[in-house]
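Readers should treat all values here as calculations from the given coordinates under stated rules, not as data from a laboratory. This structure is a prediction, so every number in the text was calculated from the model and none was measured. So basically every Cβ, Gly included, is an ideal-geometry build from the backbone, and we count neighbours across all protein chains shown.
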Amino acid sequence: MGNNESIAGGQKAVPAKETYVWYKKFMREYPSGLQTLHEFKTLLGLQGLNQKANQHVDQVYNTFDMNKDGFIDFLEFIAAINLVVRGKMEQKLKWYFKLYDADGNGSIDKKELLNIFMAVQALNGQQTLSPEEFTNLVFHKIDKNNDGKAITLLGLTFFTKK
Ligand SMILES: [Ca+2]
Ligand SMILES: [Ca+2]
C-alpha cells in the first residue's frame, strides 16, 4: 500500500447507471466480489499463452490490483474500465508507464522495453520486426538525450505527443 494515486483518478467517472449495470454483471460473475487472475484471463480470453505473454498479462493484472491484495474487487474493476474506456491519453500513458517499469524504479530501461515488446508480439503473433529491432528503433527515438540509459515518463509523453 502507500500508493494512493488512483490510476483512474481525475477523469469523468462511469455514470452511476452504467456503474450499476457493471456491478450486477460483476457480482453475477464473481459472487465473492473478487476477481482472480485466472478469471481475469478467462474474461479476456487469454488462456494458454506462452510464458512471455503470460507475464505481461500478470503485470497488467497487478497494475489494476491497486491495493495489492491479489484480487481485483469491483472498485478496481470499474477503475480499470474507466481507464481503458474513458481515460485520457495522459492517464493511459501513466498507466502504460507503470506497466512497463517492471522494477518500479521510475524509468524504463532497454531491457524492460524489450520485455514488453516481446510480450506484445507474443500476444499479437506478429513478426514484422524482431523484438530487438523494434526495441532499438523505439528506444532510439524516445531516448532524446541519447544516454542509452532510460526512458522517463516525461520522455514517453514527449514521444507520443510528437
Ligand atoms: Ca485488489
Ligand atoms: Ca525500471
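Quick look at the numbers
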| read-out | value |
| --- | --- |
| 3J(HN,Hα) from dihedral phi, segment 92-100, Karplus parametrisation 6.51/-1.76/1.60, rounded to Hz, x for glycine, proline | 5, 4, 4, 5, 4, 4, 4, 5, 6 |
| In sequence order, calculated HN-Hα J values of segment 20-26 (Karplus, 6.51, -1.76, 1.60; Hz; x Gly/Pro) | 5, 4, 4, 4, 4, 4, 4 |
| Residues whose placed amide H lies under 5 Å from that of ASP109, excluding near-sequence neighbours | ILE151 |
| Theoretical gain in end-to-end length, ASP103 to PHE74 [0.36 nm per residue, Cα-Cα removed] | 7.8 nm |
| Relative contact order for segment 8-87, counting Cα pairs under 8 Å that sit 6 or more residues apart, in percent | 46 percent |
| Exposure proxy ranking, count of Cβ atoms within 10 Å, fewest first, for ILE81, ILE116, ILE72 | ILE81, ILE116, ILE72 |
| Rg and Dmax [Cα atoms of segment 8-87; Å; Rg one decimal, Dmax integer] | 12.9, 39 |
| Dipole in debye (nearest 20) - segment 8-87, about Cα centre, beta carbon charges: Lys, Arg +1; Asp, Glu -1 | 300 debye |
| Residues whose placed amide H lies under 5 Å from that of ASP73, excluding near-sequence neighbours | GLN35 |
| Cβ-based charge dipole, segment 8-87, positive-most Cα from GLY45, THR19, ILE78 | THR19 |
